[in-house]
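Worksheet: one structure, shown below.
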Number of protein chains: 2
Amino acid sequence: MTTTRPDPGSHLGRPHPFDTDTAVRAGVDGLVTASVTDRWNGLGGTANGGYMLALALNALRREIDHPVPLAVSAFFLRPGVAGPATVDTEVVRAGRRTATGQVCLVQSGKEVVRATATFGDLDGTGVSHTTAAVPDLPPPEFCLDPLAGVGVAGVTLLEQVEYRMPQLPGFVVGSPTGTPEWEFWMRLAGRDADTVALPMLVDAAPPAILDLGETSSNTVELTVHVRARPAPGWLACRASTRHVADGFHDEDFEIFDSTGTLVAQSRQIAILA
Amino acid sequence: MTTTRPDPGSHLGRPHPFDTDTAVRAGVDGLVTASVTDRWNGLGGTANGGYMLALALNALRREIDHPVPLAVSAFFLRPGVAGPATVDTEVVRAGRRTATGQVCLVQSGKEVVRATATFGDLDGTGVSHTTAAVPDLPPPEFCLDPLAGVGVAGVTLLEQVEYRMPQLPGFVVGSPTGTPEWEFWMRLAGRDADTVALPMLVDAAPPAILDLGETSSNTVELTVHVRARPAPGWLACRASTRHVADGFHDEDFEIFDSTGTLVAQSRQIAILA
């Protein structure tokens with residue numbers, strides 16, 4: 001039996017695509033550059049927003065002494081495409097407990113993403129209150145792989161992320177349910193998530209509006225709050241759209257790690273395409 | 001019988017404090033300045049974050065052709081205090097349907113608030129999907145005024161905003177309920193809310209964590225999404241904290257107008273003080 005994808009942890013010292021594709025280079029002139037690769041494309045042949053955000057945060061982290069992006073807000077200004085980019089960073093305020101910076105991802109002289117982020121640390125002093133309920137999912141091995149034997153042409157992101165679902169979403173089988181809320185498992189293929197991967201992963205699933213019969217939307221703004229360092233393994237996710245009005249929709253996304261801890265919560269607002 | 005507060009609409013042509021206190025002035029040198037007033041203070045004698053955000057957005061709106069702040073993210077870097085401020089604005093991208101800008105509020109040479117916002121318009125083409133449930137509240141006239149006959153020394157914000165609650169929150173009567181979720185009515189005293197007042201109002205109620213027995217926190221980041229233009233009248237609000245971990249807490253805030261339409265949703269992440 002052969003498998004086409006490595007298990008997490010099996011990269012055996014080779015850099016993982018998430019790490020190589022979010023790497024940045026500082027030139028002697030101080031200019032920081034990066035390559036947006038074509039391995040994280042969503043629909044339409046453009047780079048996934050969460051991927052570009054992770055790349056931008058990776059650049060900003062080099063300038064900041066705190067490791068965890070606690071609060072991130074990204075504005076998506078133009079589509080990003082595979083190719084070179086420059087990354088402009090600014091440390092806005094460096095404090096003892098937190099530090100805030102801003103980063104702009106620029107392609108062909110035009111700003112594609114502008115993100116602001118406050119970094120800090122999470123020392124695991126624990127949860128003192130929560131009503132965040134872990135998605136009620138069968139174990140991943142009892143779930144379906146929605147991509148088993150299929151792909152979506154050009155959506156290379158689906159080769160980097162794995163999903164396990166209790167049943168196929170309505171839109172996949174041609175019957176949108178009308179209820180834009182999904183719970184499922186997700187992980188990076190071949191790499192455990194860390195606190196920099198989480199801002200990518202909250203944007204790495206198909207939008208819940210597909211189950212409203214909508215076909216696509218463009219993110220205007222995405223806020224991510226990282227609440228804990230994720231344990232290794234599959235991540236239990238919940239995506240939901242609560243309100244669609246005037247051509248705009250929200251999408252909330254929550255990620256719980258394999259121990260049931262809430263590790264990230266996000267909300268984005270997007271324009272229906 | 002005398003009333004100490006004017007009813008909304010009764011300002012009779014006099015500018016309302018919200019308008020005068022969020023006004024900005026452009027100098028001949030191009031420098032935009034403002035006065036942070038002491039009429040919007042929270043606990044600790046510092047200016048309410050939502051008020052400073054509204055002031056900053058007011059400055060940014062002057063540079064942008066679209067009227068409604070659809071998506072706003074503000075990072076609170078230092079406490080703001082009554083006194084002069086400069087307001088630096090930047091138009092990041094001006095498009096046909098939306099435009100994005102950034103604004104920094106600076107006091108004594110130090111950045112206090114940095115906000116990024118995408119503006120657009122809401123033409124009232126309606127709600128095509130929602131699971132956002134209007135708070136189940138008795139009419140305002142059957143609710144309690146939690147500030148009737150009382151005040152909180154120095155918290156001048158409470159003189160600008162009116163609240164009506166079905167019962168007094170636990171913390172007010174010395175018995176935090178342990179459930180950080182409140183539903184209540186709110187309005188600016190003497191002025192109907194518009195889409196620029198909403199980003200202030202989402203931050204204008206006491207934090208829900210008070211009902212966990214916590215005493216205060218400092219906002220790191222606040223995201224506001226304006227979803228509709230509010231109708232005149234009282235606003236039905238829901239504030240809730242879902243997750244407290246590692247000394248950080250979220251707070252979600254929703255505002256529905258007097259017709260039951262969701263007009264704003266926000267989330268902030270804050271550090272327990």
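Points worth noting:
- Shape of the stretch B:85-152, Cα gyration tensor, a/c cut at 1.5: oblate
- Remark: label point of residue A:183 defined 7 Å out from Cα along the Cα-Cβ vector; separations to the same position in other copies 2.3 nm, ascending.
- Hz values of 3J(HN,Hα) by residue in the stretch A:230-243 - Karplus curve (6.51, -1.76, 1.60), Gly and Pro given as x: x, 6, x, x, 5, 10, 8, 10, 9, 10, 8, 10, 9, 8
- Cα-based helix-to-principal-axis angle, A:49-61 vs chain A, degrees rounded to 10: 30 degrees
- Of all the options B:261, B:223, B:130, the one that moves most in a Gaussian network model of chain B with Cα springs shorter than 10 angstrom is B:130.
- With Cα atoms defining each centre, the stretch A:61-133 and the stretch A:150-187 are spaced 27 Å apart in the structure.
- Surface accessible to a 1.4 Å probe, per residue, for the residues of the stretch B:1-153, Å²: 49 Å²
- Oblate is the label for the stretch A:105-205, because a/c, from the alpha-carbon gyration tensor with a ≥ b ≥ c as root eigenvalues, is 1.5 or above and a/b does not exceed b/c.
- Tensor-based shape of the protein assembly as shown (alpha-carbon gyration tensor, a/c under 1.5 rounded, otherwise prolate or oblate): prolate
- For the stretch A:36-157: relative contact order, % (alpha-carbon pairs under 8 angstrom, 6 or more apart): 31 percent
- Each chain gives up part of its surface: A and B jointly bury about 4900 Å² of accessible area, both sides summed, for a 1.4 Å probe.
- For residue B:273 and residue B:134, the FRET efficiency from 1/(1 + (r/R0)^6), where r spans their Cβ atoms and R0 equals 30 Å, is about 0.40.
- Placing a pseudo-label 7 Å from each Cα along the Cα-to-Cβ vector at residue B:121 and residue A:78 gives an inter-label distance of 2.5 nm.
- For chain A, with all protein chains in place and a probe radius of 1.4 Å, 52% of the accessible heavy-atom surface sits on carbon or sulfur.
- More than 24 angstrom apart: percent of Cα pairs within the stretch B:161-273: 23 percent
- Placing a label point 7 Å from the Cα of residue A:138 along the Cα-to-Cβ direction, the distances to the matching points in the other copies come to 4.9 nm, shortest first.
- For residue A:81, label point 7 Å along C-beta direction: distances to other copies, nm: 5.3
- Backbone amide hydrogens, once placed in the peptide plane, bring residue B:112 within less than 5 Å of B:105, B:106, B:107, excluding anything fewer than 5 places away on its chain.
- Structure-based [θ]222 nm, chain B - -39500 (n - 2.57) summed over DSSP H runs of at least 4, per residue, nearest 500: -2000 deg cm²/dmol
- With the simple spin-label model, which puts each label point 7 Å out from Cα in the Cβ direction, the residue B:25 to residue B:218 separation comes to 3.1 nm.
- 13 Å beta-carbon shell around residue B:38, net charge (K/R +1, D/E -1): -1
- Within the shell defined by Cβ-Cβ distances under 9 Å, the residues around residue A:234 carry a net charge of 0, with Lys and Arg each +1 and Asp and Glu each -1.
- Computed log₁₀ I(q)/I(0) - Debye formula, equal Cα scatterers, no solvent, the stretch B:1-157, q 0.20 Å⁻¹: -1.26
- Amide H contacts of residue A:41: A:48, A:156, A:157, each under 5 Å away and 5 or more positions distant or on a separate chain (H built 1.01 Å from N in the peptide plane; Pro and chain starts excluded).
- Here the contact order of chain A, divided by its residue count and restricted to Cα pairs under 8 Å and six or more residues apart, works out to 19 percent.
- Buried on assembly, the stretch B:238-273 (at least 40 Å² less accessible surface than by itself, 1.4 Å probe): B:242, B:243, B:244, B:246, B:248, B:265, B:267, B:269, B:271
- Residue-wise HN-Hα couplings along the stretch B:265-273, as the Karplus relation 6.51 cos²θ - 1.76 cosθ + 1.60 with θ = phi - 60° gives them from phi, are 9, 9, 9, 10, 10, 9, 9, 4, 8 Hz; Gly and Pro carry x.
- Scanning residues 5 or more positions from residue A:242 or on other chains, those with amide H under 5 Å from its amide H are A:250, A:252, with H placed 1.01 Å from N in the peptide plane.
- For the stretch A:155-167, the Karplus equation 6.51 cos²θ - 1.76 cosθ + 1.60, evaluated at θ = phi - 60°, returns couplings of 8, 5, 3, 5, 8, 9, 10, 10, 10, 9, 10, x, 8 Hz by residue, with Gly and Pro reported as x.
- Charged neighbours of residue B:24, selected by a Cβ distance under 10 Å, balance to +3 (K, R count +1; D, E count -1).
The values are calculated or read from the model by the stated rules, or taken from the named source; none is laboratory data. Just so it is clear, the structure is predicted and the values come from calculations on it, not from any experiment. Ideal geometry is used to build each Cβ from the backbone, glycine not excepted, and the neighbour counts take in all protein chains shown. Protein only, heavy atoms only, side chains kept; ligands, DNA and RNA dropped before computing areas. Shrake-Rupley method; radii C 1.70, N 1.55, O 1.52, S 1.80 Å.
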